[in-house]
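Below is one structure; the comments refer to it alone.
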Amino acid sequence: MKKALLFVLFAMLLTACTGYNDSEYITEGNRGYELSNDRREAMIKDYFWDGDESHTVIDIPEELSDGTPVKKLGGFIGIGVPTNFEIKYDPAVDYVNLSTLNIINEETDSPEPVSAAAADTDITPGKEDAVAVYKDIVFTVNVSKNIAKMGNMSTYNICYQISSRGIRQDDGTVLVYRPTLRFNVAPLNTNFYAEDGVLYNRSTGEAVLRDDY
């Protein structure tokens, strides 16, 4: 009985292994990766955006500079800890966390894509008052042929840091981007495809991205 129980526990541990139990985080250029245990594949984890609106096309490379194939777009590390693909501000960008501010905007008729939001009634004493200006922006993700698996793909997870931080402007306002995502997939990718910017699982035909803002 004890042997059977140990076998079951061992089997559970095996199924919990992700291939990234002892992963190593590295960066190349403006991208961050997790390397698998055996260092034979990589997962792209982060894209560091410099805040330039002309730099919104994100190419997922087929491989790292040493030839290691990039096979995952987010996923799991350890024995099953989710690690999402994220678009983040580059550390060199002087951003401010919106949670440290009282957004005190008044109603406005300013046209989109740049507009102020309605007044924030949740004012916290001790926080700095600031006026936020919101701007829509589209990030295009080009998925390479080697991507075989993806993690929890939701707009909220991928764009959380961009949408929850802002950039201070010369006039004192805080510019906050409202990101949306479009996808292209390399024709030779056998696991995913894209139509009209929407990402699909090739085996099921179901959309991969959840728009759960």
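No value in this document is a laboratory result; all are computed from the given coordinates. Only a predicted model underlies this, so the values are computations on that prediction, with no experimental measurement involved. Glycine gets a Cβ as well: all are built from the backbone with ideal geometry, and neighbour counts include every protein chain shown.
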Quiz item: Between Thr68 and Ile123, how many nm apart are label points set 7 Å from Cα along the C-beta direction?
Solution: 5.2
Quiz item: Stretch Gln169-Asp196 to full length: gain in nm at 0.36 nm per residue minus the Cα-Cα span?
Solution: 6.3 nm
Self-check item: In nm, spacing of pseudo-spin labels at Tyr25 and Asp52 (7 Å Cα→C-beta vector)
Solution: 2.5
Quiz item: When the Debye formula is applied to the Cα atoms of segment 26-90, each taken as the same point scatterer, what base-10 log of I(q)/I(0) results at q = 0.13, 0.23, 0.24, 0.28 Å⁻¹?
Solution: -0.35, -0.98, -1.04, -1.29
Exercise. Filter the cross-link list Lys45/Lys127; Lys88/Lys145; Lys88/Lys127; Lys45/Lys145; Lys45/Lys88; Lys45/Lys135 down to pairs whose alpha-carbon distance in this structure exceeds 21 Å.
Key: Lys45/Lys127; Lys88/Lys145; Lys88/Lys127; Lys45/Lys135
Practice problem: Collect residues whose amide H, placed 1.01 Å from N in the peptide plane, falls under 5 Å from the amide H of Thr140; neighbours closer than 5 in sequence don't count. | Solution: Val57, Ile58, Arg182
Self-check item: Stretch gain in nm, segment Thr204-Asn189, where the contour uses 0.36 nm per residue and the Cα spacing is subtracted
Solution: 3.9 nm
Self-check item: Cleavage-rule hits, trypsin sites (Lys or Arg not before Pro), segment 171-213, DSSP coil, Cβ neighbours within 10 Å at most 13
Solution: Arg202
